[in-house]
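Each reported figure results from applying straightforward, stated rules to the coordinates on display, with no laboratory input. Everything numeric in this text was worked out from a predicted model, so none of it was measured. In this analysis, Cβ positions are derived from the backbone assuming ideal geometry, glycine residues included, and neighbour counts consider all displayed protein chains.
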Protein chains: 2
Amino acid sequence: MNTSLNDKDRPLAQRKVAVIGGGVIGASWTALFLANGMQVVVSDPQPNIGQKVRDYVAQATPALRSLGFGMEGASSNLSFEPDIEKAVQDADFIQENGPERVDFKTSVWAQIEKAAPATCLFFSSSSGIPASVQSEKMRAPGRLVIGHPFNPPHLLPLVEVVPGPGTSRALIDASLAFYRALGKCALEIRKEIDGFVANRLQSAIFRECVYLVSQGVITVADLDSVVTHSLGIRWATNGPFLSFHLGGGDGGFAHFLDHLAPGMETRWREQLASSVHFDEPTKRLIIEQIQSGYGNRSIAQLAAARDTKEIAVLNSVRDLPQ
Amino acid sequence: MNTSLNDKDRPLAQRKVAVIGGGVIGASWTALFLANGMQVVVSDPQPNIGQKVRDYVAQATPALRSLGFGMEGASSNLSFEPDIEKAVQDADFIQENGPERVDFKTSVWAQIEKAAPATCLFFSSSSGIPASVQSEKMRAPGRLVIGHPFNPPHLLPLVEVVPGPGTSRALIDASLAFYRALGKCALEIRKEIDGFVANRLQSAIFRECVYLVSQGVITVADLDSVVTHSLGIRWATNGPFLSFHLGGGDGGFAHFLDHLAPGMETRWREQLASSVHFDEPTKRLIIEQIQSGYGNRSIAQLAAARDTKEIAVLNSVRDLPQ
């Protein structure tokens with residue numbers, strides 16, 4: 001993530017993006033687009049959407065400044081247009097964040113396709129409805145690409161770029177290039193799969209988290225602390241495969257496979273056989289332990305502390321040799 | 001991890017610890033104990049053990065200095081004694097890192113128990129043989145506690161403290177206090193379970209990593225990049241439970257449970273039904289992709305970059321409000 005933040009290095013400055021849906025995700029994208037000097041038009045039928053989005057952008061501005069973005073001109077580059085067809089008519093890019101309903105997605109994309117310029121790139125933030133489904137009513141369904149951020153998009157670098165079955169190689173590359181020009185870490189997901197990659201990994205680890213707490217092996221707050229003081233530090237710097245490659249010493253991943261893979265497969269069998277459900281006693285136990293571990297601070301206080309720490313971590317590794 | 005590193009705040013300075021086994025884990029513990037001003041005696045029958053451990057400590061010294069430790073006096077506080085009974089006879093603490101064999105562990109602890117002072121605390125770094133098994137030949141088996149570090153111990157904060165079934169509350173508390181005085185994040189694992197907590201979580205997520213790569217959803221290097229640019233940053237600052245508590249917005253974890261838990265349970269069922277094995281094609285695929293993703297740098301170069309980044313992350317969050 002070697003983002004160059006000088007104005008001359010903002011390749012998207014003055015390019016126009018239409019943000020469809022100004023909820024939390026749309027507002028966060030808006031803040032990031034403005035930080036990159038883009039012209040942003042938000043299209044959302046809600047009353048007071050202008051105030052809501054401007055408030056979100058104001059709240060996100062210190063974080064973006066901490067990450068090195070200038071926010072000059074942000075206010076004058078932001079506009080609102082409830083009529084979707086007008087909003088997209090001269091857009092270079094669309095980032096759609098509407099309701100997660102198939103009927104909404106299919107009809108909004110058919111509408112956008114008719115009104116937007118032929119060269120406009122189409123992105124949906126959806127985590128749940130793949131491009132192949134959203135694009136069903138489009139004349140050129142391959143044009144639609146998922147650009148799924150990790151929340152909040154203005155702060156965390158990952159964007160999962162998930163093309164549809166008919167998306168061309170050139171369009172996939174242009175999609176990756178767009179998000180990379182914004183300073184994001186855009187990565188290609190090569191097959192449509194429920195949850196893409198990050199959320200699938202999160203589900204897999206969380207099953208074991210719930211199991212260990214439900215069995216009384218560890219408390220909620222202590223489990224969180226295990227992660228932040230070991231795996232989190234490792235994974236903020238090196239992913240799981242590279243970590244095991246290095247864990248194998250001079251023999252690398254092959255050595256890991258010879259020595260640790262059999263034990264890990266045995267543990268997988270045991271973990272698969274375990275029973276884990278969000279039944280009432282389990283829910284109650286977790287909520288009680290969250291209350292005793294974190295109940296002394298409000299959600300807003302905890303979230304502010306999280307953002308401050310995430311920015312510190314991002315800044316600590318961004319300029320180191322990769 | 002609010003470690004106070006002034007000499008007056010080193011509560012373990014001049015206390016004596018016997019390190020049994022001077023391999024990579026034992027040498028890393030040695031470096032950390034020396035950084036805390038402790039007297040360290042390493043007991044290992046290997047020839048040249050002195051040179052090996054001194055080399056490791058020298059190599060670890062820049063990292064420890066970067067974390068804020070002074071290393072003055074380290075060299076004169078380090079000694080070697082191959083005879084275990086002599087090594088432990090006046091020790092305040094034992095940290096055992098010998099071979100992971102039940103016969104070795106049971107006999108060495110019986111021997112240590114006879115020779116060490118009655119007030120000495122007994123810790124094993126073992127990740128695989130629980131205290132209840134290691135202590136089988138001891139007269140007071142409850143004295144033995146697992147102090148399992150996350151590798152390397154001189155760098156990563158986590159120590160999983162796993163008592164045996166007969167360990168007293170007072171001894172568990174004293175064990176946690178020992179590691180916390182060293183600046184570690186010591187956490188109690190309340191039941192003996194294979195892999196304790198961190199390695200079980202690592203196994204659970206890695207199964208899904210192998211699945212996604214084996215299915216061609218993403219490459220090894222891109223999956224690593226997904227993690228370092230999203231979940232890793234999140235988990236370096238907030239654990240999985242707190243993250244979902246905050247992901248629930250003002251409604252907290254209860255809101256998360258109502259809205260996201262059903263979908264997560266559905267995904268668990270799908271993930272459990274998937275077939276994931278370290279069969280030959282899967283091994284070959286991963287090793288090829290590790291080679292194409294990381295093969296341009298040596299293990300030593302990659303490991304040095306990892307350590308530098310881990311230190312940067314540790315330093316970035318240590319003094320922020322928790």
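A few notes on this one:
- Across the range B:154-207, the convex hull enclosing all Cα atoms gives 77 Å³ per residue.
- Between the alpha-carbon centres of the range A:270-322 and the range A:158-203 there is a gap of 26 Å.
- Dipole magnitude of the range B:198-318 about its Cα centre (Cβ charges: Lys, Arg +1; Asp, Glu -1), debye to nearest 20: 300 debye
- Note on B:301-311: average number of Cβ atoms from other chains within 10 Å of each residue's Cβ is 5.
- The order of B:LEU155, B:LEU34, going from fewest to most other C-beta atoms within 10 Å of their C-beta, is B:LEU155, B:LEU34.
- Per residue of peptide B:157-167, the mean number of Cβ atoms on other chains within 10 Å of the residue Cβ is 2.
- For the range B:73-184, the Cα-based Rg and Dmax, in that order, read 13.6, 39 Å.
- Links that overshoot a 21 Å alpha carbon limit, given the list B:LYS114/B:LYS137; A:LYS309/B:LYS184; A:LYS283/A:LYS309; B:LYS52/B:LYS309: A:LYS283/A:LYS309; B:LYS52/B:LYS309
- Straight-distance crosslink candidates among aspartates and glutamates, where the alpha carbon sits under 18 Å from A:LYS86 and sequence neighbours closer than 8 are dropped: A:ASP44, A:GLU96, A:GLU113
- Computed [θ] at 222 nm, helices only, for chain A once each DSSP H run of length n ≥ 4 contributes -39500 (n - 2.57): -15500 deg cm²/dmol
- Mean Cα-pair separation over length for the range B:136-197, i.e. relative contact order, pairs under 8 Å, 6 or more apart, %: 32 percent
- Cut-off 18 Å (backbone N to label point 7 Å along Cα→Cβ of A:GLU192), residues of the range B:184-225: B:216-218
- Full-stretch length increase - B:ALA118, B:VAL24 - with 0.36 nm per residue and alpha-carbon distance subtracted: 31.0 nm
- Loop-located trypsin sites (Lys or Arg not before Pro) in the range A:21-115 (DSSP state not H, G, I, E or B) with no more than 15 neighbouring Cβ atoms inside 10 Å: A:ARG101.
- Intensity falloff of chain A expressed as log10 I(q)/I(0), Debye formula with alpha-carbon point scatterers, at q = 0.07, 0.09, 0.12 Å⁻¹: -0.34, -0.56, -0.97
- Calculated FRET value between B:ARG318 and A:ASP90, using beta carbons and R₀ = 60 Å, to 0.05: 0.75
- The orientation-averaged projected area of the convex hull spanned by the Cα atoms of the range B:176-322 comes to 12.2 nm².
- What separates the Cα centres of the range B:68-129 and the range A:116-132 is a distance of 61 Å.
- Residues whose amide H falls under 5 Å from that of B:ARG15, counting only those 5 or more places apart or on a different chain, are B:GLN39, with hydrogens built in the peptide plane.
- Per-residue 3J(HN,Hα) values for the range B:310-321, derived from phi via the Karplus relation 6.51 cos²θ - 1.76 cosθ + 1.60 with θ = phi - 60°, read 4, 5, 4, 5, 4, 5, 5, 9, 5, 9, 7, x Hz in sequence order (x marks Gly and Pro).
- What the phi angles of the range B:212-228 give under the Karplus curve with 6.51, -1.76 and 1.60, with θ = phi - 60°, is a coupling list of 5, 5, 5, 8, x, 6, 7, 7, 3, 5, 5, 4, 4, 5, 3, 5, 5 Hz, glycine and proline written as x.
- Under a 5 Å amide H cut-off, with hydrogens placed 1.01 Å from N, A:LEU67 pairs with nothing among residues at least 5 apart or on other chains.
- Given their separation in residues at 0.36 nm each and the Cα-Cα distance between them, A:GLU265 and A:ALA174 gain 28.8 nm when the chain is fully extended.
- Shielding by other protein chains, A:209-221, mean Cβ within 10 Å: 5
- Taking amide H atoms as placed 1.01 Å from N in the peptide plane, the amide H of A:LEU156 has no partner under 5 Å among residues 5 or more positions away or on other chains.
- Globularity index of the range A:186-253, i.e. its alpha-carbon radius of gyration over 2.2 N^0.38 Å: 1.36
- Remark: relative contact order (chain B) = 14 percent; criterion is Cα-Cα distance under 8 angstrom and separation of 6 or more residues.
- The protein assembly as shown - Debye-derived log10 I(q)/I(0), Cα point model, q = 0.06, 0.09 Å⁻¹: -0.35, -0.77
- Fewest-first sequence of A:ILE20, B:ILE205 by Cβ atoms within 10 Å of each Cβ: B:ILE205, A:ILE20
- When you restrict to C-alpha pairs under 8 Å that are six or more residues apart and normalise by the size of the range A:198-318, the relative contact order lands at 33 percent.
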